[in-house]
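Every read-out reported here was derived from the displayed coordinates using simple, explicitly stated rules and does not represent laboratory data. Fair warning: this is a prediction, and the values are worked out from it, not measured in the lab. For neighbour counting, all protein chains shown are included, and Cβ atoms are generated from backbone atoms with ideal geometry for every residue, glycine included.
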Amino acid sequence: MSRARVLVLNSALGPLDYRVPHGMTVEPGSVVVAPLGPRQLLGVVWEADRMPSDAEVGDNRLRNLLGVMDVPPLAAPLRRLVEWTADYYLAPPAAVVRMALASTSALEGARLVVEYRATGVTPDRLTPQRAQALERIGDRQGLIRELATIADVSDAVIRGLVKIGAIEGVEVDIDSPFPRPDPTHAPPKLSDDQRAAAEVLAANVAAHAFAPTLLDGVTGSGKTEVYFEAVAEAICQGRQTLVLLPEIALTEPFLKRFHDRFGCEPVAWHSGLRSTQRRRAWRAIASGQALVTVGARSALFLPYANLGLIVVDEAHETSFKQEEGVHYHARDVAVMRGKFEACPVILASATPAIETRQQVEIGNYAELRLPARFGAAEMPTIEAIDLLQEKPDRGRWLAPSLVTAMEETLARGEQSLLFLNRRGYAPLTLCRTCGHRFQCPNCTAWMVEHRLTRRLACHHCGHVEPVPRVCPECSTEDSLVACGPGVERIADEVAALFPAARTAVVTSDTIWSPAKAAEFVGRMEAGDIDIVVGTQLVTKGYHFPNLTLVGVVDADLGLEGGDLRAAERTFQQIRQVSGRAGRGEKPGHVFIQTHSPKAQVMQALITGDATAFYEAETDARREAGAPPFGRYAAIVVSSEDQPAALETARLVGRSAPTVDGMEVYGPAPAPLAMLRGRHRYRLLVHARRALDVQDVIRDWLGGVEWAAKVRVTVDVDPYSFL
Ligand code: ADP
Ligand code: ZN
């Protein structure tokens with residue numbers, strides 16, 4: 001091939017053609033360096049017929065490619081995934097391919113260092129120091145400094161040994177290989193239900209074929225143990241596994257469990273990696289050496305050499321939806337990757353998404369059920385506390401019966417968890433004298449008081465200010481009052497009620513790294529914490545046998561705002577957090593504080609009748625033509641210049657095509673009318689399922705022009721309606 005179509009890593013550009021100079025060979029998937037004006041850009045060679053270019057250039061005007069990176073070409077299944085993702089989510093292919101090439105350092109090829117080792121040649125006459133060095137070094141290998149330390153001699157002694165040929169240098173790769181997990185290290189003895197499910201999953205892995213399966217098991221049923229058997233099978237076959245987790249905070253406990261089962265840790269991939277760790281992981285993934293990778297959603301686009309299994313754990317989690325850049329849903333993309341790679345995909349959840357259930361219903365996904373908790377553990381009892389009947393005292397948020405239950409739990413030496421999905425001290429701060437409310441200067445949002453850091457923070461843009469002593473409006477001193485509770489305020493209430501109890505607040509403010517999560521887990525396991533107050537961060541994954549009481553402080557919170565998934569999300573979240581109670585031998589109890597105990601979702605939680613709830617929700621969705629029965633796409637028009645945003649939004653609205661089976665609502669100011677200083681307008685497209693809504697939107701927006709200061713983003717299958 002003397003001409004190559006290249007997807008350069010610049011989202012503003014389409015694919016470009018280059019000449020392949022003499023002596024250079026490239027193939028589809030090759031990672032190359034291409035010139036662009038005076039600059040050099042990374043790019044990936046693509047099949048020309050799959051990636052049309054609107055800038056066809058004659059052979060004589062092509063510029064030469066500058067180089068090929070020393071990494072394996074992106075394989076065809078990954079190239080198909082990139083195309084599908086770009087097409088489905090209306091994203092530039094370059095933006096998707098960038099996620100595959102997530103370590104620039106890794107692309108620069110192997111990096112070698114020289115290590116030293118004994119040659120076995122013993123010179124006739126040795127100084128005592130040299131003799132000591134050779135003896136202590138034995139058959140070890142390392143840098144000069146390391147060998148000198150081992151031998152307890154100076155660097156010069158080692159160098160002297162090199163000079164006389166007793167020690168030699170060898171080039172080694174700085175990216176040392178990862179240990180190989182051992183499938184026979186500590187296999188559990190599975191229950192009958194577990195074994196039945198594990199056998200099906202392992203057989204799917206052995207079959208090397210696309211097989212999406214919902215692993216639907218109550219919390220504590222052993223879903224992890226079961227899918228580990230499929231992982232074991234993939235390891236035996238020498239094929240790679242990717243396990244996706246919804247939060248990096250869950251990585252640490254996962255690593256530990258994996259280590260217990262397979263004798264070493266898997267490769268971790270998340271945003272917290274240092275560049276050298278990232279490079280090592282990327283190269284091991286691309287070479288096939290890394291057999292098991294666990295990661296956040298960004299691990300999905302990495303260039304696995306030989307993928308044999310994908311697991312999406314806690315598959316219902318909405319954090320799998322990416323809300324910036326390419327707006328993809330990792331659960332859906334994982335299934336597509338499995339399809340292109342021809343490998344099984346396991347979606348594990350105790351509360352599967354309605355979308356996933358529907359795929360089972362219509363026969364696209366298989367389903368395996370684990371109906372009971374493992375071993376002696378029973379499902380917890382669940383009770384509602386009617387806040388209209390049983391009012392907490394003024395300025396308090398915990399009802400007397402919940403407090404009593406906490407008292408009893410404490411007396412038994414067991415642990416409690418209070419769940420409130422609100423970071424900080426109070427969601428709103430105002431001036432008692434003039435009523436001034438603190439609003440973020442960049443967003444349509446109240447500033448949230450954080451007492452731990454003594455600041456007001458915007459949870460949308462991260463803007464922070466010190467808490468002022470005087471009201472900026474009326475200058476009254478010490479007049480600020482907090483309205484409503486956040487976790488920090490609940491922790492204060494707990495401290496007042498149980499001064500001797502040891503309390504921990506668990507939110508993304510306190511657990512912001514895998515190491516912090518590990519520390520929290522350690523303290524819980526050691527019994528150093530009596531009461532946890534936490535946000536959704538504590539609702540999933542954790543397994544604390546001595547945690548027997550869960551209190552949901554405000555079950556109605558998630559129902560406010562009422563987007564289409566509000567009830568489903570409330571059900572999942574409360575069911576997940578309830579699932580933290582009584583996972584060991586001691587029984588668990590859950591109290592749900594609500595103003596509407598009769599609401600369907602509360603009833604479903606109390607009775608544990610998930611089926612009825614899912615059926616009712618599904619019917620309502622079907623009725624409304626909402627997902628998964630119909631489709632939505634959101635178009636958000638934003639600009640720092642408000643009239644410009646509004647004008648473009650109106651223009652987009654006026655240009656909407658008339659298509660059978662599609663309706664367009666808006667434009668309207670977004671609920672978050674300003675975000676990070678940008679004014680926002682939304683249009684919502686609602687379409688019949690069969691309609692190729694992406695094609696329609698592509699044509700539609702392709703015919704509209706807007707100023708450079710205006711941004712138009714499309715969110716296909718939106719989860720956020722703000
Ligand atoms: P889930 O993911 O379904 O909530 P887990 O996989 O976390 O459940 O299992 C819950 C607890 O039960 C864990 O501590 C796990 O190690 C234990 N467990 C599950 N199955 C087995 C088994 N077959 N043998 C030993 N322990 C098990
Ligand atoms: Zn803000």
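Once the C-beta distance of Val470 and Gln439 is scaled by a Förster radius of 22 Å, the resulting FRET efficiency is 0.80 to the nearest 0.05. Compared with the alpha-carbon gap, the fully stretched path from Ala496 to Ala196 is longer by 103.0 nm at 0.36 nm per residue. Between the range 320-392 and the range 104-120, the alpha-carbon centres lie 44 Å apart. Unpaired cysteine residues in the chain (no second Cys Cβ under 4.7 Å): Cys236, Cys264, Cys343, Cys461, Cys483.
Computed from backbone phi, the HN-Hα couplings of the range 467-479 come to 6, x, 7, 10, 5, x, 8, 10, 6, 5, 7, 6, 10 Hz, rounded to whole numbers (Karplus: 6.51 cos²θ - 1.76 cosθ + 1.60, θ = phi - 60°; Gly and Pro given as x). When only alpha carbons are used to place a centre, the range 602-674 and the range 445-463 end up 29 Å from one another. Looking only at trypsin sites (Lys or Arg not before Pro) in DSSP loops with at most 10 other Cβ atoms within 10 Å, what is the longest site-free stretch of the chain? For trypsin sites (Lys or Arg not before Pro) (loop position, at most 10 other Cβ atoms within 10 Å), the longest site-free span of the chain is 470-597. The alpha carbons of the range 192-370 give a radius of gyration and a Dmax of 15.0, 45 Å, in that order.
Couplings 3J(HN,Hα) of the range 219-231, computed from phi: 4, x, 7, x, 4, 5, 4, 5, 6, 4, 5, 5, 4 Hz, in residue order, whole Hz [Karplus 6.51 cos²θ - 1.76 cosθ + 1.60, θ = phi - 60°; x for Gly and Pro].
What's the FRET efficiency of Thr453 with Gln277 using the Cβ-Cβ distance as r and R₀ = 30 Å, to the nearest 0.05? Could you put the intermediate results ahead of the total?
On the way: r = 29 Å, r/R0 = 0.96.
With R0 = 30 Å, the Cβ-Cβ based efficiency is 0.55.
Near Asn306, the amide H atoms lying under 5 Å from its own belong to Gln240; only residues 5 or more places off or on other chains count, and H is placed 1.01 Å from N. Between rounded, prolate and oblate, where does the range 112-173 land on the alpha carbon gyration tensor, with a ≥ b ≥ c its root eigenvalues, rounded for a/c under 1.5, else prolate if a/b exceeds b/c? Taking the square roots of the gyration eigenvalues as a ≥ b ≥ c, the range 112-173 is prolate. In the neighborhood of Gly584, defined by Cβ-to-Cβ distances under 14 Å, what is the net charge if each Lys or Arg adds +1 and each Asp or Glu adds -1? Net charge in that neighbourhood comes out at +1. So if R0 is 30 Å, what FRET efficiency would Ala376 and Ser401 give, r being the distance between their Cβ atoms, rounded to the nearest 0.05? Result of the calculation: an efficiency of 0.65. For the range 144-181, the residues whose backbone nitrogen is under 13 Å from a point 7 Å from the Cα of Thr127, taken along Cα to Cβ, are 153-164. Would you work out if the chain is rounded, prolate or oblate? Take a ≥ b ≥ c from the square roots of the eigenvalues of the alpha-carbon gyration tensor; rounded if a/c is under 1.5, else prolate when a/b is larger than b/c, oblate otherwise. Verdict is oblate for the chain.
Placing a pseudo-label 7 Å from each Cα along the Cα-to-Cβ vector at Lys391 and Glu47 gives an inter-label distance of 7.0 nm.
Amide H contacts of Val312 (H built 1.01 Å from N, in plane; Pro and chain starts excluded): Leu244, Ile346, Leu347, Ala348 sit under 5 Å, all sequence-distant by 5 or more or on other chains.
For the range 1-130, the direction-averaged projected area of the alpha-carbon convex hull comes to 13.2 nm².
The C-alpha radius of gyration of the range 630-716, expressed as a fraction of 2.2 N^0.38 Å, stands at 1.04. For Lys598, a cut-off of 19 angstrom between C-alpha atoms picks up these lysines, skipping any fewer than 8 places away in its own chain: Lys391.
For Leu41, the amide hydrogen comes within under 5 Å of the amide hydrogens of Ala34, Leu36, counting only partners 5 or more places away or on other chains and with H modelled in the peptide plane. Note that the range 105-110 has calculated 3J(HN,Hα) couplings of 4, 4, 6, 6, x, 4 Hz, one per residue in order, obtained from phi through the Karplus relation 6.51 cos²θ - 1.76 cosθ + 1.60 (θ = phi - 60°); glycine and proline are x. Note on the chain: helix-only mean residue ellipticity at 222 nm, from DSSP H runs of 4+ residues weighted -39500 (n - 2.57) and normalised by residue number, equals -9500 deg cm²/dmol. Distance between the modelled labels on Thr611 and Lys163, one decimal in nanometres: 8.5 nm (7 Å Cα→Cβ projection).
Spin-label pair Arg111-Arg622: with each label point 7 Å from Cα along the Cα-Cβ axis, the two points sit 5.8 nm from one another.
Multiplying the sequence separation of Asp152 and Leu701 by 0.36 nm and subtracting their Cα-Cα distance, what value in nm do you get?
190.6 nm
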